[in-house]
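The values are calculated or read from the model by the stated rules, or taken from the named source; none is laboratory data. Computed from a predicted structure; not experimentally measured. Cβ atoms come from the backbone with ideal geometry, glycine included; neighbour counts cover every protein chain shown.
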Amino acid sequence: MTHSTIIVGSGISGLSAAIVLAKHGRTPLVLEAHNIPGGCMQMFQRRGPDGVCRFDTGVHYVGSLYPGQIMWRLFRYLGVSIPGVPLARDCFDRISLPSGEFCVPVGWDNVAAALKRECGNEPDAIDAYVAKMRHVEAALSWHALNPEADGAYDRELFETSLEQFLSGLGVSPRLRSLICAQSSLYAVRAAEVPLAIHAAVIGSAVEGPHYIEGGGDAITKPLVARLRELGGELRLRAPVARVLVDGDRAVGVELSGGEVISGDEVILAVHPRVAARLLPEDAYRTALRQRMASAPECVGAFVVYGTVSPDADLTGVTGRNHYLLRDDDPDCFYEPQLDGPGDAIVNLPPAGNGPQLFSAMGSARWEWFERWSDTRTLKRDAEYKALKDRITANIVAMVQQRIPALRGHLNVVDASTPLTLRDYAGYPQGGVYGVQPSLRAQGRNGVRRRTRYAGLYVTGAGTGTPGILGACVTGFGVAGTILGTDELISEVRQATDLS
Ligand SMILES: Cc1cc2nc3c(=O)[nH]c(=O)nc-3n(C[C@H](O)[C@H](O)[C@H](O)COP(=O)(O)OP(=O)(O)OC[C@H]3O[C@@H](n4cnc5c(N)ncnc54)[C@H](O)[C@@H]3O)c2cc1C
């Protein structure tokens with residue numbers, strides 16, 4: 001059987017593209033290498049002291065989810081209802097630095113006011129920063145749902161780093177620290193992140209931060225159900241080994257077991273380095289292909305998972321994330337150390353009926369774990385476990401130091417390393433968001449959705465902005481490349497207009 005569209009990868013980008021195309025009469029087949037769908041949205045369970053708990057991998061909180069905002073509108077267009085719980089409006093992200101704390105409130109006006117209270121001598125720089133963030137968000141056509149927006153072609157947004165911009169404003173070290181403190185949401189240093197990425201990711205968090213009740217499952221399951229309702233298919237344990245072409249057209253894929261599946265269109269919704277392996281040699285010009293194949297990976301993720309004992313007083317602790325950084329310069333997150341305490345981004349999702357869960361994400365070097373790269377999850381030796389325990393202790397030490405209410409109340413259940421992400425999401429070096437969304441991989445240097453072959457496309461977070469919203473936008477983006485971008489943006493706009 002020939003499918004109209006084969007989509008490789010069942011992360012949010014692949015599923016979103018599949019649903020949009022199914023809504024336009026295609027019969028998409030999504031092929032997923034793993035035995036569960038969702039990519040970074042997949043959840044896992046472990047037995048803790050309070051019974052079996054389900055933990056999230058890559059959905060700790062999601063931005064722009066208030067009605068009418070862009071994430072809400074994309075989910076609505078896809079036809080899924082996602083249960084969001086708003087984070088604390090006065091302090092959705094609590095920044096903890098050696099020099100003191102700062103609460104990031106919801107909404108740019110409130111952020112500006114909070115920054116002015118903290119850095120009273122810099123009102124003009126703060127106003128200029130917030131105005132720039134708003135300008136950039138409005139210039140990104142998908143984020144603004146405006147086909148006329150020209151941000152994608154605005155070289156300044158993709159070729160100016162946040163550091164350059166802040167230096168130009170002459171900000172103080174303290175103001176720089178507060179502005180850069182949430183950089184782990186895209187995992188690039190201030191000197192290397194384009195303004196466009198910082199504005200898109202932080203802006204979405206600032207304007208509409210929500211937990212997802214039920215975690216990643218609460219997004220993946222409705223998306224898969226919707227895909228099937230529209231006549232699309234999802235096949236698990238289907239690792240694609242290569243894309244097949246005939247003349248100047250894509251004609252299907254070959255699975256690693258040798259099975260051939262024919263299709264008129266093929267979309268790779270995977271890590272760009274994986275895409276580079278699956279594509280024909282000449283799908284892109286040599287320079288771009290080489291950039292994709294050697295694209296620098298984000299710093300590795302090391303995440304500690306556990307529960308909080310029921311007798312802990314969590315007033316003022318839940319309903320927000322905690323960014324605990326060991327240095328006033330947030331770039332410390334990109335210089336992980338084996339000696340603690342270690343940086344930690346702490347997330348405490350709504351407890352529901354079960355125990356209060358927590359996750360604490362730190363950073364780790366791939367090189368620390370590389371010697372086990374020929375081994376598989378759950379089959380690694382005592383030395384690997386000892387290294388995990390050491391980094392876990394560093395992160396727990398930081399959490400207990402900076403969040404006193406959790407002192408003595410944390411029950412660690414497990415931890416994931418960069419190898420875990422490699423094994424479960426196919427990220428070659430376990431970088432937290434895959435390829436770094438840096439100046440070297442964005443704008444003119446970015447991966448093109450269209451290849452030299454008709455019907456062959458590449459998408460996924462690594463081709464745009466990391467995060468659930470960013471990856472979902474790339475799914476819509478590739479569908480737009482096929483169906484007509486301006487038409488699709490206008491259609492989404494009209495279909496989800498609240499006025
Ligand atoms: C630790 C962590 C925390 C995060 N926290 C947040 C957060 O709080 N909020 C937020 O918005 N974002 C967060 N993210 C980021 C977000 O989850 C991702 O950016 C997003 O889900 C990526 O989606 P994607 O569609 O690009 O691809 P992925 O989710 O990476 O999916 C790609 C899929 O392709 C499959 N695949 C790969 N190769 C093949 C092949 N050859 N054949 C078939 N299938 C293949 C993989 O198995 C995988 O399922 C987090 C990520 C991580 C790792």
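Brief remarks follow.
- Any hit, segment 60-71, residues being free of Cβ contacts under 8 Å to residues at least 12 places away in the same chain, among the aliphatic types (A, V, I, L, M) and out of contact with any Pro (no Cβ under 8 Å at 6 or more places or on another chain): no
- The set of residues from segment 438-455 being more than 16 Å from V274 (Cα to Cα) and assigned to a loop (DSSP other than H, G, I, E, B) comprises S438, Q442, R452, Y453, G455.
- Residue list for segment 236-272, restricted to those being among the β-branched types (V, I, T) and either part of a strand (DSSP E or B) or surrounded by fewer than 13 Cβ atoms within 10 Å (Cβ to Cβ) (or both): V240, V243, V245, V251, V253, V260, I261, V266, I267
- Selected residue (only one of V432, V447 is crowded, with 24+ Cβ neighbours inside 10 Å and modelled with pLDDT of 95 or more): V432
- Flag for G484 being out of contact with any strand residue (DSSP E or B) (no Cβ under 9 Å at 6 or more places or on another chain), assigned by TED's automatic domain parsing to the domain that holds P355 and away from the ligand (no atom under 14 Å from the Cβ): no
- Residue under evaluation V435, criteria (1) touching a Phe, Trp or Tyr at 6+ places or on another chain (Cβ under 9 Å); (2) of a type outside the set (S, T, Y); (3) over 14 Å from E297 (Cα atoms), criterion not met: (3)
- Scanning segment 485-499 for residues that are surrounded by 14 or more Cβ atoms within 10 Å (Cβ to Cβ) and either in a helix (DSSP H, G or I) or not polar (S, T, N, Q) (or both) gives T485, L488, I489, S490, E491, V492, R493.
- Unmet requirement for G214, which otherwise passes all of (1) at pLDDT below 95; (2) out of contact with any helix residue (DSSP H, G or I) (no Cβ under 6 Å at 6 or more places or on another chain); (3) buried (at least 23 other Cβ atoms within 10 Å of the Cβ): (3)
- Y427 vs. criteria touching a residue at least 60 places away in the same chain (Cβ under 8 Å), within 28 Å of Y77 (Cα to Cα) and either outside any helix (DSSP H, G or I) or in contact with a Pro (Cβ under 9 Å, 6 or more places away or on another chain) (or both): no
- Scoring G408 on the criteria (1) more than 16 Å from the ligand (Cβ to nearest atom); (2) closer than 22 Å to G58 by Cα leaves a single failure, condition (2).
- Remark: pairs (first residue in segment 459-475, at positive phi and part of a loop (DSSP other than H, G, I, E, B); second residue more than 6 Å from the ligand (Cβ to nearest atom) and among the small types (G, A, S); Cβ separation under 9 Å; 6+ apart in sequence or on different chains) = G460/A275; G460/G434; G460/G475; G467/G63; G467/A200; G467/S204; G467/A205.
- Every residue from segment 91-140 that is at pLDDT 95 or above, of a type in the set (D, E) and closer than 18 Å to L65 by Cβ: D93
- Residues in segment 290-311 that are surrounded by fewer than 17 Cβ atoms within 10 Å (Cβ to Cβ) and not in a helix (DSSP H, G or I): S294, P296, S309, P310, D311.
- Number of the exception - Y66 against (1) under 30 Å from A113 (Cβ atoms); (2) touching a Ser or Thr at 6+ places or on another chain (Cβ under 6 Å): (2)
- Residues satisfying the criterion are present in segment 145-152 (criterion: more than 20 Å from the chain's Cα centre (by Cα), at pLDDT below 90 and of a type in the set (G, A, S)).
- Segment 292-309 residues that are at negative phi, paired with ones that are in a loop (DSSP other than H, G, I, E, B) and surrounded by fewer than 24 Cβ atoms within 10 Å (Cβ to Cβ) (beta carbon under 6 Å, 6 or more apart): E297/Q429; T307/D50; T307/P355; V308/H409; S309/H409
- Of the listed requirements (1) touching a residue at least 40 places away in the same chain (Cβ under 8 Å); (2) farther than 25 Å from E491 by Cβ; (3) assigned by TED's automatic domain parsing to the domain that holds G467, K221 misses just one: (1).
- Sole exception among (1) more than 27 Å from D423 (Cα to Cα); (2) touching a residue at least 24 places away in the same chain (Cβ under 8 Å); (3) not in a helix (DSSP H, G or I) for P336, by number: (1)
- Among residues of segment 35-69, those that are within 14 Å of the ligand (Cβ to nearest atom), more than 25 Å from V8 (Cα to Cα) and among the aliphatic types (A, V, I, L, M), counted: 1
- Pair list, Cβ < 8 Å and 6+ apart or interchain, from segment 369-387 residues that are touching a residue at least 60 places away in the same chain (Cβ under 8 Å) to residues that are surrounded by 11 or more Cβ atoms within 10 Å (Cβ to Cβ) and part of a helix (DSSP H, G or I): F369/Y384; F369/L387; F369/P418; F369/L419
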